[in-house]
Amino acid sequence: MFRSISFAYPFIIMVAFLSISSTATAAYMPSRRDCAICHVMWIDDFRTDKETLIEWQPGNVLMKDTQGVVSSEDICYSCHDGYVLDSRSTVWKFNQHKTFIKPTTRVTVPPSLTLSNKGELYCGTCHTPHVTGSPPEADLAGLTTFLRKKNVDSNLCEMCHINQADYRVTNGHPLHIMEPNFSDSLFQMGSKKAAERNKIICQTCHIVHGAKGEKIVITENKNSELCIICHDKQKQLVNSKHDLRLTLPDVKNAKQQLPSESGPCGACHAPHNAVNKRLWARQLAPGNLAAQMCLTCHGSKNIYDIKQIGQHSHPINVAPSVKDAIPHELPLFSESAARNPAGRIQCFTCHEVHRWDPSSPINTGGKDIEGDAATSFLRMSNSRSSTLCLACHIDKKQLVASDHNLEVTAPDEKNLFGFAPQDSGPCGACHIPHNAAGNKLWAKELSADKEVVTQLCTGCHHKDGSAKAKLVGQNSHPLNVGIEKLKPPPTDGQTVKSLPLYDGGGNIKAGQKIVCLTCHEPHTWDPGNGGAGSDYVFKNMEGDNSNSFLRKVNSPSSALCGSCHADKALVAGTAHDLNVTAPEAKNLGGQTVKESGLCGTCHFVHNSPNKVKLWARPLGRVKKHQGVMDALCTGCHSKKNIAQKKIPRIAWHPREKLIINTTQFNKKGNDYTPLFGDNGQEVEMGNISCTSCHNAHLWSYLVGQKNATENPEGKGAYKFLRTASKNTVCVVCHGPEALFRYLYFHDPEMRATFK
Amino acid sequence: MIKNKSIFAYLIISLFFPISPDLAHSVECIRSKFLFDIRPGADQPSDAAIAPNGDIYLVDGVNNRIMIFDSNGRQKFVFGTEGAAEGEFRHPLGIDISDDGNVFIADTGNHRVQVFDLKGNFLHLFAVKTEPGEKPADPVDVLASKLKNYLYVSDNDNHKIKVFNQRGNFEFQWGKFGEGAGEFRYPGILASNEFNQVFVVDVLNTRVQSFDPFGKHLDDIGSWGVLPGNLFRPKGVAIDKNNRVFVSDSYMGLIQVFTDLGRFLGVVCESNVKRKFTTPVGMVMDDKRNRLYVVEMRANKISIIEILN
């Protein structure tokens, strides 16, 4: 339009105009020129018909809030090239905020930050030399960034990047929290300080101009250089197996980046818009986050050729049984993988996934390095003393100072993975947390033809095993039997008075069987000193009924035996309690009652020389008409033996007269009279023996309960009799003569009367 | 004064001829011929100088180094790295080479001048001192004069020309912020002619000022505007053996030619068309080869052209 104007004005007018303007120009020119320093299209030269050196660009000069030549990059650069201000390195050498593109849907540009007439971001979106916003004054060096709004704590950034600012919702890196590890190097690299030095803001990581990294981060981050400035402890991940550049180089993260593109941190974490908490940037299988962050790769369904945890693995997402005792080095986590003292055991409780070797920050392992109990991203070394396991399983600590520490007693015994105890640690000799052979995280081969629960012990305690010196012998307490015969039957569910019952797989279950582990706790040598832990002195000692990995101290009280055999425990305090009547008498093992325990005076649990009742005392001599059960009694009730004062002068029943004891009696009734075979087993037809009428463990059928404080002397109808004679099986055969016959055969004086 | 005379002449002529587009001013051309480019892999290079043997020294300031090429554009060597120690740079901008072969570098970010031999061996350095109340020195160019071994330094942020001897001893200075004669708004690249006159690009005053060797103002070259002979962002200045003053304009992308008294001669053209450059800044005239080396900052190259008239 201006170019079409013809200057056909009268000369006089021109002269008059110039004469006026010649003085006015001097004052007017500088201010006009100052505007046109940037607003080049405002220069009057474009309004003449003269050929200008550059083209006039119409249409966008005076339009408010639109980008024209004035905001073009060339105008900015024409001063910022070093000859007015040097922004070459700051702005143009490296990366800078995108301009001359339309904002994406992830960005919301408020009306106060203008877009160009094309709806694009441009320099003027954030900057204006007219300083409507910040900073009103230049800094100490006289510099001003001419931002439209003050950018204190990156609030200008957050005006558009709302999603990133709302990091809690969008799974982004936390903002506006204090980071104690800010180093000066971060600021030297271009990070901007918040009003409070250590507060995390957008500009902690990002720099709008002169960013050396992609996504305008302050430095190159291909190797996660930026991340590890603050996350210093995590840098030990680099070159470890968890550096996915080494182990999964072809697998992309959720942002569709290869590890080589994302860097080692970025392979699993994204600072913005992650797929879940913890900035997680990989695909997640269904389930709680804390577990799936690991299991998505290491679970049984993963598609990668990497370590899996196997079918038998340490439980996760479970509450610790001894929460208060768990050291702070082994943190608990919520399901969202946040540290939480009230949380649960997760993979991260034992594993620090960013550090291969807890003992050496420079040992990063490597792609092909096999882990062991000292490495494997564990939070603390678990070899030698199994420190990691025992940090939680403090009730198992006593194992280290016992014969079950194979490092001492079987140093060559290797576990499933071929590790000797000194490498696996004492726990690892029998248990491995992942890829175990079976239940109990068992670390030894298991045979399919035997029950697992049995093999847990017989794996070593067999004739060719490392514990061949400690076998149970042929005559041993029955195993894999139920508790139906126990009197009275247990009522506390899974255990018999805290002694657990097991199924074949080794699981504690109600109504199941008695196994080795019912009586033995293989981690605790001395149940009376269960809290001993590391100060327990290893002695490699020979056990007795007070230790020997028993669940309960069994001497002198025989509390262990009494847990199941409650009806037999009534013997305590009676004449058959040798604590009372023969404290110095020794059993076949040379133990006094104090050493053997009350039950142990007469019974061996293992390695008994006698199959019958696992008898632990010398058998007495028996006459022709007597059976093996009588020999148990006559071992003591005979001349020169401890019960020589209690020898019946006459006590026999014709052996040829067999008796049937089940036809008219309820086997569970109080008046049932047991008969015993040659091996001491109960039979339905046989001969009477001492134990048919006497219950050696019960002083009086009337009392029905023990009286441990008394040493009852046999009187009248008591004398360990099972029941009143009038109701016995004797009456069945002998009818009214029963009493006469009884007295005849048991009372010499009465026999004399009858004579 | 010259400007007023031109306007007066224009008005007299206007009395006799109706003003029409047909008589509009047409751009005079200074003919040139493109020879070749040097694309050295630099990042926003700013200035160049010619050694006595014809080698080209280029300031690759963002990369904190000096790149050396032979006259055919083949790279010979580089020297310098980022830092503040001897031989290290922080975003240098300007360069000049004295007749005796000393290479002077305006080490801008380090607020100093460094001196090297032609092989890049460090010789010495000196700080560009400032006075109380001044900003930190911002030396953007150096000019080694034959007269008294003066070394002129343009202190951009302080709007002064500071003169040292070539050992680094301060001699004198002139200039202040302003638009008058001898005042500056961001003085930049320097050049001299055979009379040791000093030509200073006065960036935001959109002119080149000439001075005698002692700082006495002589002339203004170029003026505000976008017409031929006007300047918008003058950056570089070079003077040929005929005392023609070549001025580059980084925004307009042109090189205009003036007499040393400021009379506009024309725009550097090629094939009678204005030759466009990409942000032309520092220039150096190789009179022996009749070449003009033009550093194109954002194109990251040196254009070598021959001036034909």
Worksheet item: Can you name every residue in segment B:86-131 that is β-branched (Val, Ile, Thr) and within 12 Å of chain A (Cβ to nearest Cβ)?
Response: B:THR108
Worksheet item: What residue, of B:ILE68, B:ILE30, is in contact with a Gly (Cβ under 6 Å, 6 or more places away or on another chain) and surrounded by 15 or more Cβ atoms within 10 Å (Cβ to Cβ)?
Response: B:ILE30
Worksheet item: under 19 Å from B:ALA238 (Cα atoms) and among the charged types (D, E, K, R), is that true of B:ASP107?
Response: no
Discussion item. For segment A:166-189: of the residues being assigned to a helix (DSSP H, G or I) and in contact (Cβ under 8 Å) with a residue 24 or more places away in the chain, which is farthest from A:LEU279 (Cα to Cα)?
Written reply: A:SER185
Worksheet, complete the sentence: Exception for B:ALA137 within (1) away from chain A (no Cβ under 14 Å); (2) assigned to a loop (DSSP other than H, G, I, E, B) falls at (1)
Worksheet item: For residues in segment B:233-250 being surrounded by fewer than 24 Cβ atoms within 10 Å (Cβ to Cβ) and outside any strand (DSSP E or B), which is nearest to the other protein chains (Cβ to nearest Cβ)?
Response: B:ARG244
Fill in: Count of segment B:296-309 residues which are in contact with a strand residue (DSSP E or B) (Cβ under 6 Å, 6 or more places away or on another chain), surrounded by fewer than 23 Cβ atoms within 10 Å (Cβ to Cβ) and part of a loop (DSSP other than H, G, I, E, B)
2
Worksheet item: Across segment B:266-295, which residue is surrounded by the most Cβ atoms within 10 Å (Cβ to Cβ) among those that are of a type in the set (A, V, I, L, M, F, W, C) and more than 14 Å from chain A (Cβ to nearest Cβ)?
Response: B:VAL294
Item to complete: Kindly indicate whether A:LEU295 is assigned to a helix (DSSP H, G or I), out of contact with any Asp or Glu (no Cβ under 8 Å at 6 or more places or on another chain) and in contact (Cβ under 8 Å) with a residue 24 or more places away in the chain.
Response: yes
Worksheet item: In segment A:97-118, is there at least one residue being more than 14 Å from chain B (Cβ to nearest Cβ), in contact (Cβ under 8 Å) with a residue 24 or more places away in the chain, assigned to a loop (DSSP other than H, G, I, E, B) and closer than 25 Å to B:GLY109 by Cα?
Response: yes
Discussion item. Considering only residues that are part of a loop (DSSP other than H, G, I, E, B) and surrounded by 16 or more Cβ atoms within 10 Å (Cβ to Cβ), which ones fall in segment A:505-529?
Written reply: A:GLY506, A:GLN512, A:VAL515, A:GLU521, A:PRO522, A:HIS523, A:THR524, A:TRP525, A:ASP526
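If the requirement is being within 28 Å of A:LEU388 (Cβ to Cβ), in contact (Cβ under 8 Å) with a residue 60 or more places away in the chain and in the same structural domain as A:HIS520 (by TED's automatic domain parsing), which of these qualifies: A:LEU416, A:LEU446, A:LEU441?
Result of the check over A:LEU416, A:LEU446, A:LEU441: A:LEU441.
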Item to complete: Read through the list (1) at positive phi; (2) in contact with a His (Cβ under 9 Å, 6 or more places away or on another chain), then give the number of the only condition that B:GLY225 fails.
Response: (2)
Practice prompt. Only residues that are outside any loop (DSSP other than H, G, I, E, B) and buried (at least 19 other Cβ atoms within 10 Å of the Cβ): list them for segment A:145-158, please.
Written response: A:ASP153, A:SER154, A:LEU156, A:CYS157
Worksheet item: Does at least one position in segment A:307-314 carry a residue that is surrounded by fewer than 16 Cβ atoms within 10 Å (Cβ to Cβ), outside any helix (DSSP H, G or I) and modelled with pLDDT of 90 or more?
Response: yes
Worksheet item: So how many residues does segment A:259-278 have that are surrounded by fewer than 21 Cβ atoms within 10 Å (Cβ to Cβ) and more than 11 Å from A:LYS222 (Cβ to Cβ)?
Response: 6
Item to complete: Only residues that are farther than 14 Å from A:GLN292 by Cα, touching a residue at least 60 places away in the same chain (Cβ under 8 Å), out of contact with any strand residue (DSSP E or B) (no Cβ under 8 Å at 6 or more places or on another chain) and in a loop (DSSP other than H, G, I, E, B): list them for segment A:319-356, please.
Response: A:VAL322, A:ILE326, A:PRO327, A:GLU329, A:LEU330, A:HIS354, A:ARG355, A:TRP356
Practice prompt. Out of B:PHE164, B:PHE199, report the one residue that is assigned to a strand (DSSP E or B), in contact with a Ser or Thr (Cβ under 6 Å, 6 or more places away or on another chain), buried (at least 20 other Cβ atoms within 10 Å of the Cβ) and more than 14 Å from chain A (Cβ to nearest Cβ).
Written response: B:PHE199
Discussion item. Residues that are assigned to a strand (DSSP E or B) and within 14 Å of another protein chain (Cβ to nearest Cβ): does segment B:42-63 have at least one?
Written reply: yes
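Quick one: which of A:THR709, A:THR753 is more than 30 Å from A:SER558 (Cα to Cα) and at pLDDT below 70? Even if it seems obvious, please write down each step before you answer.
Details: A:THR709 fails: more than 30 Å from A:SER558 (Cα to Cα).
Every option except A:THR753 fails the conditions.
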Discussion item. Restricting to segment B:175-196, count the residues that are more than 14 Å from chain A (Cβ to nearest Cβ) and under 13 Å from B:VAL153 (Cα atoms).
Written reply: 3
Practice prompt. Take segment A:451-483 and flag every residue that is of a type in the set (A, V, I, L, M) and surrounded by fewer than 14 Cβ atoms within 10 Å (Cβ to Cβ).
Written response: A:ALA469, A:VAL481
Discussion item. Please determine whether any residue of segment A:486-493 is modelled with pLDDT of 90 or more and either in the same structural domain as A:GLN681 (by TED's automatic domain parsing) or not small (Gly, Ala, Ser) (or both).
Written reply: no
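The values are calculated or read from the model by the stated rules, or taken from the named source; none is laboratory data. This structure is a prediction, so every number in the text was calculated from the model and none was measured. Positions of Cβ are generated from backbone atoms using ideal geometry, with glycine treated the same way; all protein chains shown enter the neighbour counts.
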